[in-house]
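Inspection log for the structure reproduced underneath, given as structure tokens.
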Amino acid sequence: MITDMKNSKLFSPIQIGRTTLKNRVAMAPMSMDYEAADGSVPKKLADIFVRRAEGGTGYIVIDAVTVDSKYPYMGNTTSLDKDSLVPQFKQFAERVREAGSVLIPQIIHAGPESICGYRKIAPLGPSANVNANCHVSRPVTVKEIQKIVKQYGQAARRAEEAGCGGVSLHCAHAYMLPGSFLSPLRNKRMDEYGGGLDNRARFILEVIEEVRKNVSRDFPIFLRISGDERMIGGNSLEDMLYLAPKFEAAGVDMLEVSGGTQYEGLEHIIPCQNKSIGVNVYEASEIKKVVNIPVFVVGKINDIRYAADIVERGLVDGVSMGRPLLADPDLCKKAYENRFDDITPCASCGGSCITRSEASPQCRCHINPRVGREYDFPEVPAEKSKKVLVVGAGPGGMMAAVTAAERGHQVTVWEADKKIGGQLNLAVVAPGKQEMTKWMVHLNYRAKKAGVTFEFGKTGTVEAVREFAPDAVIVATGARPLIPPIKGTQDYPVRTAHDFLRGKIVIPRGRVCVLGGGAVACETAEVLLENARPNSFTRGFEASIGDVEVTMVEMLPQLLTNVCAPNRTPMVRKLKSKGVDINVNSKILEVTDHDVKVQRADGTEEWLRGFDYVLFGLGSRNYDPLSEELKTFIPEVYAIGDAVRARQASFAMWEGFEVAYKL
């Protein structure tokens, strides 16, 4: 058992080629959408990596540095495909080195995953494959393969000239060019690059050998692989146990073990809800047994103490952490000092770090509002301490209270409930979402540490605020369930998904219709199924004997629109496997206490009848009974989060942070 991180193997140096890493924690590659059109590394993108280097991370991997900008990856793509890009990359590498870490570019050819199809250029692949944009890749010729292999070698040479500590090659997830060549899910060729495992590995082995020829003998080459593609017809652990020594012999200095496949099993690559910690540790530990080079593991290593444990036990030599380092750039520094409660936790939520939207088009983090703005909000006291009142202790209110108190303000929080959390208390009810409690536990710790005063069971009224006489008020009163003016809602009792998730309604059996297809509705359906007790035995009173049958009605063409694939796919798969009757493209026209009338996509109308319960899960509407009147006598009044407009918790926390910081 590790009692002091200073003595842990995780924080001991490791030598890889000529590069000495000060510890065994890497920042895993992540697409950020801060990249530049000309292939350079913009300051905002560089700042993200440099900040993690300052926080003590052993080495930093920048995602998807292409060898050929003709075939861009996702939108703008960082590049090392020409010598003119070396000077700016050198400046970037120097910033990382001066911050105490090492820069490792992940060298790639996007292959089938290139967005070049939008430019009327067919993506390149081992075979004809359909990518996420519904573009079909063109089978690359042997002559083109030879050219691409040379491009890899030249890109690696440029990385060394730029002062990088090594290069990483991507060969995982049946993805991009090397990974798709290696995987039988993508490679259907019948020449020397197809067929058996050795032939499918030929391309990446040639790339490794070419890279080794173009860099110094001791310049490190890292290789990311899938320990198991976790898909019928894909590469298995046995395949990788066979190949790993071949990769080592070809010149690889370290293996990083991931898992899964990009399209069929994205939830294995970016494990979010319902995935256990350390999803790839077993495969990595088995691969470590057959090679003589270090093996790192990536994939939901979201607790630094767990990371230290698997390294201490010798299962792996180090870990790659992605989203946890977005949540807290100082994770390594705090862990080394044994300040675990001070670490801002990643909840593996699958939020804005990986889910892009028009409102949040670039990488951000629910719990860390500084991502993408690393140096815009220095941790310094406010010019003047103010008496601040926060009304509501949900995610936004808690973030606001913590931020204001840490800046030196005198902060009081009024919460009508008896506990913190707001609607997050409903979100964590569903199986697999308990990890989001980490956010509130952490904010509660920081609030108490900063001296925030809480008053529970206290409803914010205009009269109470006037009597309290604060200098500033932050209204974080959240939202209420939305009940649209559907025919029948005035004539029959309306039951909401919120009431069910709060435990106000117990549904042990029967037929249930859930109206809506968003996160709340789907989680309600999931909890209904989890709570069913069809095999229980009772005597003398009516209880939970029977099955629960669930029907869902959604106006949109699919469930969970705008929810990230690693969360959406398993949830939809689960609901279907449990027999939920899913009605999409169905507009709700009328309800009774037992029936629902819908209009289908073709305009036909139909009654769905015979339900024991009808639950409204159609979203929420903002609730702000205070702001406008408070502005008449309080100098500073700000509404945040769902009090403004019902959205994800991230917006509440970001707005709470920004408003409180500017007080």
Ratio Rg/Rh [Cα only; Rh per Kirkwood] for segment 171-267: 0.96
Global form of segment 404-504, assessed from the alpha-carbon gyration tensor, a/c cut-off 1.5: oblate
Within the accessible area of segment 547-628 (1.4 Å probe), percent carbon and sulfur: 45
Farthest positive-ward along segment 337-412 dipole, Cα basis, beta-carbon charges - from Gly397, Pro369, Cys346: Gly397
Only Lys, Arg (+1) and Asp, Glu (-1) charged, at Cβ; the chain dipole about Cα centre in debye: 540
Volume per residue of the C-alpha convex hull in segment 102-142, rounded to whole Å³: 89
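Of the beta bridges DSSP finds with both residues in the chain, what % are antiparallel, to the nearest 5? Walk me through the intermediate numbers first.
On the way: 15 of 79 bridges.
Counting DSSP beta bridges with both partners in the chain, the antiparallel share is about 20 percent.
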Carbon/sulfur fraction of accessible area - segment 274-410, other protein chains in place, 1.4 Å, %: 47
Computed accessible area, Thr453, all protein chains, 1.4 angstrom probe, square angstrom: 70
Accessible carbon and sulfur surface of segment 56-110 relative to its total accessible area, %, 1.4 Å: 49
0 to 90° range, to nearest 10: angle between helix 43-54 axis and the chain longest Cα axis: 90
Shape call, segment 299-389: gyration tensor on alpha carbons, a/c limit 1.5: oblate
For segment 368-517, with +1 on Lys and Arg beta carbons and -1 on Asp and Glu, the positive-most of Val413, Pro378, Pro508 along the dipole: Pro508
Computed Kirkwood radius, in angstrom, where 1/r is averaged over Cα pairs of segment 1-90: 14.9
Relative contact order of segment 502-652, defined on C-alpha pairs under 8 angstrom at six or more residues apart (%): 23
Surface accessible to a 1.4 Å probe, per residue, for the residues of segment 293-376, Å²: 32
Accessible area of Val441 in the full protein assembly, 1.4 Å probe (Å², nearest 10): 100
Surface accessible to a 1.4 Å probe, per residue, for the residues of segment 536-663, Å²: 51
Inter-label distance, nm, simple model (7 Å from Cα along the C-beta direction), Lys449/Arg339: 0.7
Fraction of antiparallel bridges per DSSP, segment 534-663 only, in percent to nearest 5: 75
Net charge dipole size for segment 553-663 [Lys, Arg +1 and Asp, Glu -1 on Cβ; Debye, nearest 20]: 580
Inter-site label distance for Val136 and Phe468 at 7 Å from Cα along Cβ, in nm: 6.4
Three-way shape call for segment 356-430 based on the alpha-carbon gyration tensor, with the a/c threshold at 1.5: oblate
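Counting helices only, and only those DSSP H runs with n ≥ 4, report the 222 nm mean residue ellipticity of the chain as the sum of -39,500 (n - 2.57) divided by its residues, in deg cm²/dmol to the nearest 500.
Computed ellipticity for the chain at 222 nm equals -9000 deg cm²/dmol.
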Rounded to the nearest 20 debye, dipole of segment 464-603 from Cβ charges on Lys, Arg, Asp, Glu: 280
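Would you mind computing Rg(Cα) / (2.2 N^0.38 Å) for segment 471-534, counting N as its residues?
Here the Cα radius of gyration is 1.41 times the empirical estimate.
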Calculated from backbone phi, Karplus (6.51, -1.76, 1.60) coupling profile of segment 242-248 in Hz, x at Gly/Pro: 6, 7, 3, x, 5, 4, 4
Degrees, to the nearest 10: 649-661 long Cα axis against longest axis of the chain: 90
Efficiency of FRET from Cβ geometry, Gln558 and Arg621, R₀ 25 Å, rounded to 0.05: 0.60
Two-decimal log10 I(q)/I(0) for the chain, as the Debye equation yields it once each C-alpha is a single scatterer, q = 0.06 Å⁻¹: -0.38
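In percent, how large is the relative contact order of the chain, given Cα pairs closer than 8 Å and 6 or more residues apart?
On the way: 1528 pairs, mean separation 72.6, N = 663.
Result for the chain is 11 percent.
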With Cα atoms, 0 to 90° folded angle of helix 395-406 axis to the chain main axis: 80
Residues in segment 589-621 reached by a label modelled at Ala359 [backbone nitrogen below 19 Å; 7 Å Cα→Cβ]: 617-621
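The values are calculated or read from the model by the stated rules, or taken from the named source; none is laboratory data. Note that this is a predicted model, so its numbers are computed, not measured. Methodologically, a virtual Cβ is constructed for each residue, glycine included, from the backbone with ideal geometry; neighbour enumeration extends over all protein chains shown. Side chains are part of the model used for accessible areas, which takes the heavy atoms of the whole protein and leaves out ligands, DNA and RNA. Shrake-Rupley method; radii C 1.70, N 1.55, O 1.52, S 1.80 Å.
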